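First comes the structure, then the notes that go with it.
The values are calculated or read from the model by the stated rules, or taken from the named source; none is laboratory data. Just so it is clear, the model here is predicted, and its values are computed rather than measured. Using ideal geometry, Cβ is built from the backbone for each residue, glycine included, and neighbour counts are taken over all protein chains shown. Keep in mind that these areas ignore ligands, DNA and RNA; they rest on the heavy atoms of the full protein, side chains included. Shrake-Rupley method; radii C 1.70, N 1.55, O 1.52, S 1.80 Å.
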Amino acid sequence: MKELWTTMASLMGVLAFCQTLLHTVIPPELRFAVLKLSQRLLNCFSSYCYYEITEIDGVNTNELYNAVQLYLSSSASSKTSDAGATSNRLSLTRGLNSSAITFGLSNNDRLSDIFNGVHVVWEHIVTPRQAQTFSWRPLPEEKRGFTLRVNKRDKPYILESYLDFITEKANEIRRKNQDRLLYTNSRGGSLDSRGHPWESVPFKHPSTFDTLAMDPAKKAEIMSDLKDFADGQAFYKRTGRAWKRGYLLYGPPGTGKSSMIAAMANFLGYDIYDLELTEVNTNSELRKLLMKTSSKSIIVIEDIDCSINLTNRKKSSGCGRNNVGSIDGAPDTRTGGPSSDPENSGNNNSITLSGLLNFTDGLWSCCGSERIFVFTTNHIEKLDPALLRSGRMDMHVFMSYCSFPSLKILLKNYLGIDDVDIKGDVLDDMAEVIDEAEMTPADISEVLIKNRRDKDKALSELLEALRRKRVVNRRRRVAAEVEEVEDKRALDSPKEVCGAATSGGGDDVVVSCKKGENDGEEDNGIY
């Protein structure tokens, strides 16, 4: 045994001497050429080709490295994936603003994947970086990168398509893991520290289409339309249309318009940009806000009829030359002119209807993709028809009063009861009065919230509230019908326009109207 160790030590000494001799005699350029030639010879006889994806490309971060890392993390964590079965060492991470734990490859570990029937191998290479003498940007202590091994015969078929698939999949994983954000435009168009005009907070609204109190058939139609839009990139490109869609939510207050927007965002996984028009001064600022919105987002303008004056364009016969384009004879506040409305006094907003139309359907609306515009209003009749046409507001959704199917959804959400859990004829009585009661989902929800600990009491109070509201609505409708009949009768009754006789103090006074024969004007006189 001692002789074996002595022999090994002698061989190691000879090898060290030979290495020193070679480094001294053979110049570095020759050694590099020999090494390069040997690598080429090995590549010629090898059936694989290798691609390296480093973490840092020069001084910038390589986005492809991050995409590969996210994609492999999903493959490694999948129970049904072949990649997950070939790796026994995984790293666990949770990123900032992330709601899920992500898996990743450990240092210098391998993971296999299959794409379109082609088998590839990924290897995560981590090596120590040499000490830096001086650098204006400190680099990480470790050099990280992925090495992709692909069979040479499969390279032309999968390389580009595989990398595109990885990038798309990584974006989807990133949206799914990160919390959605709710943006609002900064006051006066000011920029934040990063030069963005939008301020954001995490969006954690719990509303979904399952909890939304709405007719199930209409709900299914909206969900199908949203899914077709999200999957319709090829369709919009083939038809030459911008990849966007407009929704108009209208109806009485408390019918769930804001909850519908939150449900749409949660269903698609989109961010929300809540645009406050009163904080935008010019059309130019409006375009800049649009340019700073990201793809896969919902741009919302709530209560658009109350934000700025965008009512129907009417021509009044009594308007003078100076009031052309005004609304009902009043100066047009859309062009920044003076307004007699005390609520709009002091508002320097000069957004025009044309600017808003171009915002939703003009050339500037195509500066991004996969975006949804949602407008809400309580009075659709106040909006200009040009704003409502297809191409701007493609789908009009009427958020009505609570119907019987919507009522059953609310009972399940707040009380946790179904049809079979309700005793007696309470459900039939509710179905009889719900349409005439015209109560909003918000009003019904408030009754259920107050009595959610006592289900029987909640049902009885809700039924009583529905009956009281029905009686009030019936009285209001009867009063409206009576008033309409009286107005019609007053219009049909004869009117004495001219020729009124009165007497006072014993003198008879006759007031008559004569039409002038010469000038065609009325000549009023007392005879």
Can you say whether LYS204 is farther than 18 Å from PHE375 by Cβ, out of contact with any strand residue (DSSP E or B) (no Cβ under 6 Å at 6 or more places or on another chain) and open to solvent by 30 Å² or more (accessible area, probe 1.4 Å), as far as the supplied structure shows? yes
At pLDDT below 90, open to solvent by less than 90 Å² (accessible area, probe 1.4 Å), touching a strand residue (DSSP E or B) at 6+ places or on another chain (Cβ under 6 Å) and more than 30 Å from ASP231 (Cα to Cα) - does that describe any residue in segment 164-185? no
Search result, residues across segment 351-377 that are among the polar types (S, T, N, Q) and open to solvent by less than 50 Å² (accessible area, probe 1.4 Å): THR352, THR360, SER365, SER369, THR376, THR377
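Going by what's in this entry, would GLU55 be described as of a type in the set (D, E, K, R), surrounded by 12 or more Cβ atoms within 10 Å (Cβ to Cβ) and within 30 Å of ILE166 (Cβ to Cβ)? Break it down stepwise before answering.
On the way: of a type in the set (D, E, K, R): yes; surrounded by 12 or more Cβ atoms within 10 Å (Cβ to Cβ): yes; within 30 Å of ILE166 (Cβ to Cβ): yes.
Against the criterion (of a type in the set (D, E, K, R), surrounded by 12 or more Cβ atoms within 10 Å (Cβ to Cβ) and within 30 Å of ILE166 (Cβ to Cβ)), GLU55 qualifies.
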Does SER47 meet the test of being surrounded by 10 or more Cβ atoms within 10 Å (Cβ to Cβ) and under 28 Å from LYS155 (Cα atoms)? no
Restricting attention to segment 388-422, which residues are open to solvent by less than 70 Å² (accessible area, probe 1.4 Å), over 16 Å from ILE444 (Cα atoms) and assigned to a helix (DSSP H, G or I)? LEU388
Please determine whether any residue of segment 59-80 is part of a strand (DSSP E or B), of a type in the set (Asp, Glu) and modelled with pLDDT of 70 or more. no
